[in-house]
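Some notes on the structure that comes next.
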Amino acid sequence: DSLAAQVLLLAVGVGLLVQIYSTAYLAHHPRYRSYALIIILFLLGMIAVVAADDFFVLLIGWEVMGLCSYLLIGHEWETSEARSGAAKAFLMTRIADLGLLVGIIVIGRTYGTYRISEVVDQTPKNATAIGLLLLVAVVGKSAQFPLHTWLPDAMPGPTPITALIHAATMVAAGVYLVARMLPIFEASQLVMTLLAIIAAVTMLLGALCALAQTDLKRALAWSTVSQLAFM
């Protein structure tokens, strides 16, 4: 649909710019080939998330992005900051992704189908339980409170990767999931209230933390956290 088409154009457009910039930024890096390949795999995962009409295809793309982000954040694995930042991002987002997995199973049991278009076209059922499970995954992937600290710590990765993770791919996937499953979220007042509280807290917290940073990349990371909460 039009939402998926717009996000696809945005994601692959930013991905193309990152690849072009990387040819100069990492031209002489000994692991440039593997780096470029992982970015392509990362974008394929994002395309699967955006274009899928099956929840399990979406889950596969969701996890591929998580794996690739771990590899890209830890690209300079010789440094302890890169290793710890990659491990923190991987573990925090994987724990949150359990919410998506269980949520998909509950959706299948409730609606009798795993096709996204068929689920959103039906009258919402079991919306609170499903919405809360999906919200856990969204909070982890989009670095929202209380799972917000992994994004600023992901900055030891190469600068083009910082741009790729911030701009139109991994962290935006959580926002996209909310947009895609909005009928279910809207059917539960509890979920919508909790979503609003998390967003408000994260907006304020991210903006205040950005003000206190002296490192430019970490300041941009906190700003990204705040902007994602706004979205």
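Values in this text are rule-based calculations from the coordinates and carry no lab data. The model shown is predicted, which means the values in this text are computed figures rather than measured ones. Neighbour counts are summed over all protein chains in view; Cβ atoms, including those assigned to glycine, are modelled from backbone coordinates with ideal geometry.
Considering only Gly74, Val171, Leu10, whose Cα is most displaced toward the positive end of the charge dipole of the chain, charges sitting on Cβ of Lys, Arg (+1) and Asp, Glu (-1)? About the Cα centre, the residue reaching furthest to the positive side is Gly74. Pairwise inverse Cα distances across the stretch 63-123, averaged and inverted, put the Kirkwood hydrodynamic radius at 13.5 Å.
Largest GNM mean-square fluctuation across Ser142, Ser34, Ser22, computed for the chain with C-alpha springs under 10 Å, falls on Ser34. Which residue fluctuates most in the GNM of the chain (Cα springs below 10 Å): Asp53, Asp153, Asp121? So, out of Asp53, Asp153, Asp121, the one fluctuating most is Asp121.
Nearest 500 deg cm²/dmol is fine: what mean residue ellipticity at 222 nm does the chain get from its DSSP H runs of n ≥ 4 alone, each adding -39,500 (n - 2.57), divided by its residue count?
Only helices count here, giving -26000 deg cm²/dmol.
Post the alpha-carbon centroid distance, the stretch 38-107 to the stretch 172-213, in whole angstrom. The two parts, judged by their Cα centres, are 19 Å apart. Counting 0.36 nm for each residue step from Tyr21 to Glu186 and taking away their Cα separation leaves a gain of 55.4 nm.
Highest GNM mean-square fluctuation among Leu17, Leu100, Leu133, for the chain modelled with Cα contacts below 10 Å: Leu17. Measure nothing fancy, just the Cα-based angle from helix 216-230's long axis to the longest principal axis of the chain, in degrees from 0 to 90, nearest 10. Relative to the chain, helix 216-230 is tipped by roughly 10 degrees.
Per the Kirkwood formula applied to alpha carbons, the chain shows a radius of gyration over Rh ratio, Rg over Rh, of 0.97. Here the convex hull built on the C-alpha positions of the stretch 176-229 has a volume of 54 cubic angstrom per residue.
Looking at the stretch 62-109, which GluC sites (Glu not before Pro) are DSSP coil and have at most 11 other C-beta atoms within 10 Å of their C-beta?
Those that pass, being in a loop and sparsely packed, are Glu78.
Over the stretch 33-100, the fraction of Cα-Cα pairs per 10 Å bin, rounded to whole percents and listed from the shortest bin up, is 22, 46, 27, 5, 0.
A quarter of the convex hull surface defined by the alpha-carbon atoms of the stretch 132-231 gives 5.7 nm² as the mean projection. Against the chain, whose longest principal axis comes from its Cα atoms, helix 32-51 is set at around 20 degrees. Overall, the chain carries a charge dipole of about 220 debye about its Cα centre when +1 sits on the Cβ of Lys and Arg and -1 on the Cβ of Asp and Glu, all other atoms neutral.
Suppose R0 equals 25 Å; then what is the FRET efficiency for Val102 and Ile197 from their Cβ-Cβ distance, rounded to the nearest 0.05?
Details: r = 22 Å, r/R0 = 0.88.
With a Förster radius of 25 Å, E is 0.70.
Rounded to the nearest 10 degrees, the inclination of helix 189-211 to the longest alpha-carbon principal axis of the chain is 20 degrees.
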